[in-house]
1. Which residues, taken from segment 440-455, are hydroxyl-bearing (Ser, Thr, Tyr) and within 15 Å of ligand 1 (Cβ to nearest atom)?
2. Please state which one of Glu258, Glu223 is out of contact with any helix residue (DSSP H, G or I) (no Cβ under 9 Å at 6 or more places or on another chain) and under 26 Å from Pro199 (Cα atoms).
3. Out of all the residues in segment 474-482, is one or more closer than 14 Å to Gln388 by Cα, among the β-branched types (Val, Ile, Thr) and touching a helix residue (DSSP H, G or I) at 6+ places or on another chain (Cβ under 9 Å)?
4. Inside segment 354-401, can you point out the residues that are more than 27 Å from the chain's Cα centre (by Cα) and within 15 Å of ligand 2 (Cβ to nearest atom)?
5. Looking at (1) more than 16 Å from ligand 3 (Cβ to nearest atom); (2) among the aromatic types (Phe, Trp, Tyr); (3) touching a Cys at 6+ places or on another chain (Cβ under 7 Å), which is the only condition Trp421 fails?
6. Only one residue in Asp437, Asp472 is within 16 Å of ligand 1 (Cβ to nearest atom) and within 30 Å of Pro254 (Cα to Cα). Which one?
7. Inside segment 186-212, can you point out the residues that are more than 30 Å from the chain's Cα centre (by Cα), more than 12 Å from Leu378 (Cβ to Cβ) and not aliphatic (A, V, I, L, M)?
Amino acid sequence: MKTSKKKESTRRPQENNAEGNNEEESELCPGFKDVDAFVKYGLGAVLSATKASAGLPQAGDDYDFYRSFPGFQEFCESQGDKLLHCMSQIMQHHGCRSHIRDQNKLTGVEERFDLVVDSNDVILERAGILLDEADGVNRSQNPVMPAGFQPPKIVVSSWNRKGSSSRSETFRLLHAKNVARPQLKFKEKVDNSNTPFVPKIFIKPNAVKPLPSYFSNKQIRKERPEDLDVPAALADFIHQQRTQEHVEDMFAHPYQYELDHLTVPESLLSKPEPQMYKPMAETKLSFIDSLDDLVTLNEKLCRLSEFAVDLEHHSYRSFLGLTCLMQISTREEDFIIDTLELRSEMYILNEAFTDPSIVKVFHGADSDIEWLQRDFGLYVVNLFDTHQASRALNLARHSLDHLLKQFCNVNSDKRYQLADWRIRPLPEEMIEYARADTHYLLYIYDCMRAQLLESNHGQPGLLQSVWNKSKDVSLKKYMKPIYTEESYLELQRKQKRSFNTQQLTTFRLLYAWRDKLARQEDESTGYVLPTHMMIKISEELPKEPQGIIACCNPVPPLVRQQVNELHLLVQQGREMPLLKAEIAAQKKKGLTPIKKAEVTLFGPHDTSRGSEIDRPQDTADEVPVKEGILFSEEDHKMDVDEQKISSLLAPAKITLFQEMETPADQESLSVAQTKARRIIESFENPFRMYLPSTGVHVNKNAKFDPSSKIFEISKRWKLQSIEQQQKEMEVKKKSTEEAKQQAKKLSEERTKAKQSYQESLRNITTVRQQAAQSKDGAKKRAREGSEVGEVTKQSKKLMKSTEKAQKTEPPAKESFTPFDYAQSDLKVFDGSKAKDDTQFDPNRQAQGFRKKRFPQGPKNNSSAGNRSMSYLSGKSNRGFRHNWPKR
Ligand code: AMP
Ligand code: MN
Ligand code: ZN
């Protein structure tokens, strides 16, 4: 075993790089030969800093005591200053706001902390972009090659060459320059439409509860509104009516019932004897890329009591993402399935995957469960997730690397994790890497079960909890990212950016453009326009198309292609009128909105002056210009409380006929403003007695002094105006009532029309359905005939498994007959270019239908949609912002 371990530890061949010899190149940065040297030094420094900070006296008594010594106090202050200075410099270097050292005590710790968090985000994002660039992700995109593969190229980044020892490892980033789009080969077109995901399943092996008719009835399922031979609006309507009754089924987990009733057998709750893995070198590896081999594999798996599974995925050049590879390991063999090739056939594995008597071991299956549903219609019944086990055991880290090291003493690294898994043929190293992800997993599963029992004094409670958690994972449902009018706000919130009206409008428009294009071109949103570039464009609002290009480095191909379109969107954003507060804030920052000079004095007949908010549009599309500023620490984002700024900077104006401020208004006035107001109020308005009480400025006191003339006049005017108002109200009331009645009449007529329309529709539907049914019936009969025909070995096998299912699960007996795919040669389902293009309320997916249906309601999946959404941005996000389960 020892020797095997040794072998295993070198399972990822390190390249003795040919490039290692030209080391005479200049140093990476002063004192450091290469990145590794720098990183090593940096890590050391960070580590000692962390240690030192942990050694500081604790907040509370300790600290307070020390602090009573002036020497300590001084030291703290000077060190604190140094640190803040250092942080400020780093932040400034990255162009972040940095008044962290600001002695102004008004900026609370919280705000400063926010500053640090924001800056961290910016710096990390920048690092991500640079890594992407180094990775070649953003290299100028060559046109996609037609079918026929390019040999994958291995890129050794020059900045990462090892210095002295030429034998040492090189960080290898694998990417292929021109990978043929696998989507082109897919038999079933990818459905990127903005409609909720509907499970792909159409046959349900191991069913206890039969598959709802919606899924098994191809007629309903595959029918798209556009295929109906009627006008579009009518087609949509018919389609909706037809699918309405299936809505609940459509969004439920197809194996919900089976999973809810799944119990862990005693044998899996008792202590196992860990079964050592076979050395990889002595293990047979099969690469599966044909249907025949897949069927054979499925048969093999059905005879086992457990196997391990993992997937590799690609998300950059696809809107929803693509599962590129499935690795399966049994105790004896390893398999690698080309899931790009067998995408439409993978569903046959449901026979093994949903068999409750076979344990499927995954590590961190959260995403895998979703990808299996999305791409293949595969479900997992009886899952054991070693990531969940690692959590229950409270291990130091929960990644697969860690488990491999701990249980198998295998040194693995995840450097291929983000490789482009679409590459074909797969390079040897990538195959070896993928294989290792499952090869050891069954042994780890044994060890972890044993440990779970051990650590719980032999009681099965903890182990049981892992089984339960794993079941929750397998109950996850895939949620398609749905675009709504508010989607952009969610992203904006996540980015913690505050935009003015023009910027926000632009951001919204760019977001919509990006989403639409990404769906249409089947690219990730990150490929179409990375979020950080979208933010930059929104912030800068470039006047020229060239300015948009300048916001992007490197320029995404689709941005370059559609720059004029984008320019129009930015223009549209710039045309939005700015709010008063925004204008003020811009002034503060040295951006002067070009705007007609405020009219500060005007006569009583001057009607040109409207309220600030409904300022005519023409002033708004004049663009703010940045004034020359020499020293500005200010960020060009507007993060300071807009309210405060606006009240501080509200243009001073003297008006003669100003109406009293409402108390609410007064509350928002600064002390200076209130004073100014009082002074103004103390001036008497010579015209006041001729003016109606509304819109007139009267001395506050005079107005309420019954002895004053003003009181009288104002009362008279008030009475008059009240009368006037009452009259007006009455007129209004009358007219609204009339309008209401009219509307009522109209709606009555409309409902009548609708009723008769529906009646007529019903007739249409029945005719169409009759036709469809008779066609369907004929087909079915034909198929049944052929199926009864010859019985091959495979179908016998399948019949056997059907018998098994029927024996153990009586309820399915009458209603469920497993589809004999061996007989069908899968042609039956082939003509399926149709996608499930349904016209649903996009929110349906999220609004748990399951809850309605299964009131005992399983675990929250609400984040699933978000997660997959955020995942879309793919590599460019590099997982900073989302919580990838540790692998
Ligand atoms: P694994 O289970 O570790 O083999 O990961 C499966 C797939 O998940 C990989 O092929 C990647 O596409 C994706 N993936 C894993 N970790 C990350 C991450 N940190 N960021 C982005 N994608 C990831
Ligand atoms: Mn995985
Ligand atoms: Zn993997």
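1. Tyr440, the sole residue that qualifies.
2. Glu258
3. no
4. At the first step, the residues of segment 354-401 found to be more than 27 Å from the chain's Cα centre (by Cα) are 354-360, 382, 392-396.
Lys360 - this is the single residue of segment 354-401 that is more than 27 Å from the chain's Cα centre (by Cα) and within 15 Å of ligand 2 (Cβ to nearest atom).
5. (1)
6. Selected residue: Asp437, the only one of Asp437, Asp472 that is within 16 Å of ligand 1 (Cβ to nearest atom) and within 30 Å of Pro254 (Cα to Cα).
7. Within segment 186-212, Asn206, Lys209, Pro210, Pro212 qualify.
So that you can scan it fast, the table gives a plain yes or no per residue for (1) within 30 Å of Cys552 (Cβ to Cβ); (2) at pLDDT below 80; (3) surrounded by 12 or more Cβ atoms within 10 Å (Cβ to Cβ):
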residue	(1), (2), (3)
Glu74	no, no, no
Met87	yes, no, yes
Asp102	no, yes, yes
Arg112	no, yes, yes
Ser119	yes, yes, yes
Arg126	yes, yes, yes
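The values are calculated or read from the model by the stated rules, or taken from the named source; none is laboratory data. These figures come from a predicted structure and were not determined experimentally. With ideal geometry, Cβ positions are generated from the backbone for all residues, glycine too; neighbour counts draw on all protein chains shown.
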